[in-house]
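Remarks on the structure that follows.
The values are calculated or read from the model by the stated rules, or taken from the named source; none is laboratory data. Just so you know, these numbers come straight off a predicted model, no measurement behind them. Every residue, glycine as well, gets a Cβ built from its backbone with ideal geometry; the counts of neighbours run over all protein chains shown. Heavy atoms of the whole protein, side chains included, go into the accessibility calculation; ligands, DNA and RNA do not. Shrake-Rupley method; radii C 1.70, N 1.55, O 1.52, S 1.80 Å.
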Amino acid sequence: MISVEGLKMEFGVRPLFSNAGFVINARDRIALVGKNGAGKSTLLKVLCGLEQPSAGTVSIATDTTIGYLPQVMVLQDSTTVREEAQKAFADIQKLKERLDRMERQLGERTDYESQDYMELVEKFTAEHERYLLLGAEGYEAEIERTLTGLGFVRTDLERPTSEFSGGWRMRIELAKILLRRPDVLLLDEPTNHLDIESIQWLEQLLATWSGAVVLVSHDRAFINNVSNRTLEISCGQIVDYRVKYDKYVALRKERREQQLRAYENQQKEMADIKDFIERFRYKPTKAVQVQQRIRQLEKMVPIEVDEVDNSALHLKFPPCLRSGDYPIICDEVGKAYDHLVFSHVNLTIKRGEKVAFVGKNGEGKSTLVKCIMGEIQYEGELKIGHNVQIGYFAQNQAQLLDENLTVFETIDHVAKGEVRLRINDILGAFMFGGEASEKKVKVLSGGERSRLAMIRLLLEPVNLLILDEPTNHLDMPSKDVLKEAIRAFDGTAIIVSHDREFLDGLVTKVFEFGGGKVREHIGGIYDYLRSKSLTPSPSPFGEGSIYQRAQGPSQQAKEATTTPTNRKGAGGEAVEASGAEAYALHKEQQKRLRKAERAVEESEKKIARMEQRLKELDQLLCDPKNAADMTLVNEYTDTKRQLDDEVERWEKLSEELEEITQ
């Protein structure tokens, strides 16, 4: 679909990447990874034609459509949510207008026997068939399903887009791109403004996307669940790993170890050459050998090693006073503006607990945090425990930094004791290494300021930590550093986040915000999500949708097979299975499911290969010089027959897979 050859992109002296080459095929779901500033967003812009490369070519197959979601975009303010989403179907709407005009003409004319009238009838029939083929009759339903999947409710659809925050308006733009169903999706941080439910919905959609997907994201769980291939931008090169993200991490570690060995060997060789040159530089009898060594040294290309992974850096919060047994107690707490945010909130957070606040955007997570901080008024009683010292990271925390200080000075002012000796290491772990530490705060971007504010908080003595979306501007190594620091924190932590991987293994209790209520769930984030998955959710585009592809069972259907607790009795009644029986049934069911899934997947790969070969043969046969080549003609006929047989086999395998999951 897209072929890249010899690609080079440079802004300064050193190029972001050079001599890059790769191919994006249908059904590739590519995670584009690399440190901040490596050129990930730039590469997406080059692929969609918004920026021209310094060298190289990007070839896009004829009729290939591309949908691009940037991190920042200009949004419309003059329409409702529904009207804005309808722009995705602009071609269908124009076709509908043409059909309406032709229908009016047919109703007004009486020259039924004329040639002109018959041509109009034929044209109307052909256009109407095309209209139906495009699924135009159901596009309004598709709009509602997509917007609902991304977190909107029906009453939102008639509201002006100007009433929504930037995050919600970005969801509208994402919905428009998804509704267009482009052949290639380029997504730059699509989960930044999504809640957990919407992220899972998007995962399910992208996992069954018929085209190609290239995405940039710092949400490890999201890209691992979606990707089947990883492109890494590192040391000015683009390295292609044909595996999903988790496997890429292991392969990258092996690759870096190889780089280190090669680098060390080269450094030793260079040191030996330099030593020889210095020892014999002024000896006439060695002049020829010295010149040979100098030329050899000049020809050597220095081996570059990937940036050191700082995720192993250990940070600990400084010691603080012990707080009371119950740092936070809420008794019938409520808050309303022009609408109810939440009411009758009763919760108790014990000393040392680490809890998560989750729920859709706008359901009151940040509002309750502001109540705890005393920033806003509320109903009911909210008690802050004895000796509680709060460290608070708000979404606007970056605005409170002193703009006249450098990055290093900002941290140096709060660092105490041994930590002062490790400031540069800490800054490096949060992407402020080298010259970046000497930048003034006033020249930093919003994301950089947020990271700096996070480091500052890590060095302050507190016993109650409240973090509101702390990972939004952190890359994966930085998130690992922060996660380990919180895990080792002796005090209490409240974390508002949609990042499942970050919360996993960190929190032991989840408070769910929704519908004006706050519900407590004991256990980690995945325990909470499993409890939520017991209620089936609709597929991304709904049953029977024109966009729904027959890709086997939904994730909910698969999950339903993992808990076989009942079986049928002799009379057809449900009989509760014993633990051993349930385990055996579960094991057998999983074995059958995996076998059926593998068979379907292998069949799909065969179909994709044969379809690709048919396209190649079709192009060859279109060339007049190959028209009489019977070898090509016979291969085309045989491949077409094999494809038909394989499609029939795939349908049977898919039916068997569906039966297993029912």
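For the stretch 419-447, which positions are farther than 21 Å from GLY391 by Cα, charged (D, E, K, R) and free of Cβ contacts under 8 Å to residues at least 12 places away in the same chain?
ARG422, GLU435
Rundown of residues vs (1) at pLDDT 90 or above; (2) touching a helix residue (DSSP H, G or I) at 6+ places or on another chain (Cβ under 7 Å), yes/no style:
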| residue | (1), (2) |
| --- | --- |
| THR161 | no, yes |
| LYS176 | no, yes |
| PRO182 | no, no |
| LEU187 | yes, no |
| TRP201 | no, yes |
| LEU215 | yes, yes |
| ILE238 | no, no |
| ARG242 | no, no |
| ALA250 | no, no |
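Which members of the stretch 202-230 meet the condition of being open to solvent by less than 30 Å² (accessible area, probe 1.4 Å) and part of a helix (DSSP H, G or I)?
Hits for the stretch 202-230 are LEU202, GLU203, LEU205, LEU206, ALA221, PHE222, ILE223, ASN224, VAL226.
Of the residues in the stretch 145-157, how many are farther than 20 Å from SER78 by Cα and outside any loop (DSSP other than H, G, I, E, B)?
Result for the stretch 145-157: 4.
Filter the stretch 158-201 down to the residues that are in a helix (DSSP H, G or I) and of a type in the set (A, V, I, L, M, F, W, C) and list them by number.
Step one: filter the stretch 158-201 for residues in a helix (DSSP H, G or I), giving 158, 161-163, 166-180, 196-201.
The answer is TRP168, MET170, ILE172, LEU174, ALA175, ILE177, LEU178, LEU179, ILE196, ILE199, TRP201.
Specify the residue that is modelled with the highest pLDDT; the eligible residues are those in the stretch 293-317 that are touching a strand residue (DSSP E or B) at 6+ places or on another chain (Cβ under 9 Å) and under 30 Å from ARG252 (Cα atoms).
Filtering the stretch 293-317 down to residues touching a strand residue (DSSP E or B) at 6+ places or on another chain (Cβ under 9 Å) leaves 304, 306-307, 317.
From what's left, under 30 Å from ARG252 (Cα atoms): 304, 306-307.
Details: GLU304: 69, ASP306: 61, GLU307: 58.
The qualifying residue modelled with the highest pLDDT is GLU304.
Determine whether VAL290 is in a loop (DSSP other than H, G, I, E, B), at pLDDT below 85 and not charged (D, E, K, R).
On the way: in a loop (DSSP other than H, G, I, E, B): no; at pLDDT below 85: yes; not charged (D, E, K, R): yes.
No, not satisfied.
Give the residues of the stretch 341-359 that are over 15 Å from ILE522 (Cβ atoms), touching a Lys or Arg at 6+ places or on another chain (Cβ under 9 Å) and not in a strand (DSSP E or B), sorted by residue number.
ARG351
From GLU264, GLU353, which residue is open to solvent by 50 Å² or more (accessible area, probe 1.4 Å) and either over 33 Å from the mean Cα position of the chain (by Cα) or modelled with pLDDT of 80 or more (or both)? Break it down into steps so the answer makes sense when it comes.
On the way: GLU353 fails: open to solvent by 50 Å² or more (accessible area, probe 1.4 Å).
After applying the criteria, what remains is GLU264.
Output the qualifying pairs, or none if there are none: Cβ atoms under 7 angstrom, residues six or more apart or on different chains, first residue in the stretch 108-125 and farther than 14 Å from ARG98 by Cβ, second residue assigned to a loop (DSSP other than H, G, I, E, B) and open to solvent by less than 100 Å² (accessible area, probe 1.4 Å).
What qualifies is TYR117/ARG109; TYR117/ASP111.
What's the total number of residues in the stretch 363-382 that are part of a loop (DSSP other than H, G, I, E, B), open to solvent by less than 50 Å² (accessible area, probe 1.4 Å) and closer than 7 Å to VAL333 by Cβ?
Going through the stretch 363-382 one residue at a time, the tally reaches 0.
Which residue is nearest to LEU321 (Cα to Cα), if the candidates are limited to the stretch 459-475 and must be under 29 Å from the mean Cα position of the chain (by Cα) and at pLDDT 80 or above? Before you say what the answer is, go through the steps one by one.
First, pick out the residues of the stretch 459-475 that are under 29 Å from the mean Cα position of the chain (by Cα): 465-475.
If we keep only those that are at pLDDT 80 or above too, we end up with 465-471.
Details: LEU465: 13, ILE466: 17, LEU467: 20, ASP468: 23, GLU469: 26, PRO470: 24, THR471: 27 Å.
If we take residues in the stretch 459-475 being under 29 Å from the mean Cα position of the chain (by Cα) and at pLDDT 80 or above, then LEU465 is nearest to LEU321 (Cα to Cα).
From the list VAL575, VAL600, VAL633, which residue is open to solvent by less than 70 Å² (accessible area, probe 1.4 Å), more than 23 Å from GLY211 (Cβ to Cβ) and either at pLDDT 65 or above or touching a Pro at 6+ places or on another chain (Cβ under 7 Å) (or both)?
Going through VAL575, VAL600, VAL633 in turn, just one is open to solvent by less than 70 Å² (accessible area, probe 1.4 Å), more than 23 Å from GLY211 (Cβ to Cβ) and either at pLDDT 65 or above or touching a Pro at 6+ places or on another chain (Cβ under 7 Å) (or both): VAL633.
Output the residues belonging to the stretch 499-531 that are aliphatic (A, V, I, L, M) and surrounded by 15 or more Cβ atoms within 10 Å (Cβ to Cβ). Walk me through it before giving the result.
Within the stretch 499-531, the subset aliphatic (A, V, I, L, M) is 503, 506-507, 510, 518, 522, 525, 529.
Within the stretch 499-531, LEU503, LEU506, VAL507, VAL510, VAL518, ILE525, LEU529 meet the criteria.
Do you know which residues across the stretch 460-469 are under 17 Å from LYS316 (Cβ atoms) and surrounded by 19 or more Cβ atoms within 10 Å (Cβ to Cβ)? Please lay out each step first, then the result.
Step one: list which residues in the stretch 460-469 are under 17 Å from LYS316 (Cβ atoms), which gives 460-465, 467.
Within the stretch 460-469, VAL462, ASN463, LEU464, LEU465, LEU467 meet the criteria.
So which residues in the stretch 152-164 are in contact (Cβ under 8 Å) with a residue 40 or more places away in the chain and over 11 Å from THR80 (Cβ atoms)?
Our first condition is that a residue be in contact (Cβ under 8 Å) with a residue 40 or more places away in the chain; within the stretch 152-164, this holds for 152, 156-162, 164.
Once the filter is applied, which keeps residues that are in contact (Cβ under 8 Å) with a residue 40 or more places away in the chain and over 11 Å from THR80 (Cβ atoms), the stretch 152-164 yields only PHE152.
Restricting to the stretch 41-62, count the residues that are under 19 Å from TYR245 (Cα atoms) and either open to solvent by 20 Å² or more (accessible area, probe 1.4 Å) or in a loop (DSSP other than H, G, I, E, B) (or both).
1
Name every residue in the stretch 432-480 that is under 18 Å from GLU501 (Cβ atoms), of a type in the set (A, V, I, L, M, F, W, C) and part of a loop (DSSP other than H, G, I, E, B), in order of residue number.
LEU474
Just checking, which of ILE277, ILE233 is under 23 Å from PRO302 (Cα atoms) and either in contact with a Phe, Trp or Tyr (Cβ under 8 Å, 6 or more places away or on another chain) or in a loop (DSSP other than H, G, I, E, B) (or both)? Talk me through it step by step, then tell me what you get.
On the way: ILE277 fails: either in contact with a Phe, Trp or Tyr (Cβ under 8 Å, 6 or more places away or on another chain) or in a loop (DSSP other than H, G, I, E, B) (or both).
The match here is ILE233.
Which residues, taken from the stretch 404-441, are touching a strand residue (DSSP E or B) at 6+ places or on another chain (Cβ under 9 Å) and open to solvent by 80 Å² or more (accessible area, probe 1.4 Å)?
ASN404, GLU438, LYS439, LYS440
Rundown of residues vs (1) more than 26 Å from LEU179 (Cα to Cα); (2) assigned to a helix (DSSP H, G or I), yes/no style:
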| residue | (1), (2) |
| --- | --- |
| LEU99 | no, yes |
| GLN105 | yes, yes |
| TYR112 | yes, no |
| GLU119 | yes, yes |
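When you scan the stretch 472-498, how many residues do you find that are farther than 16 Å from GLY352 by Cβ and open to solvent by 10 Å² or more (accessible area, probe 1.4 Å)?
Applying the first criterion (farther than 16 Å from GLY352 by Cβ) to the stretch 472-498 yields 472-484, 496-498.
Checking which are open to solvent by 10 Å² or more (accessible area, probe 1.4 Å) leaves us with 472-473, 475-477, 479-480, 483-484, 498.
Residues meeting the conditions: 10.
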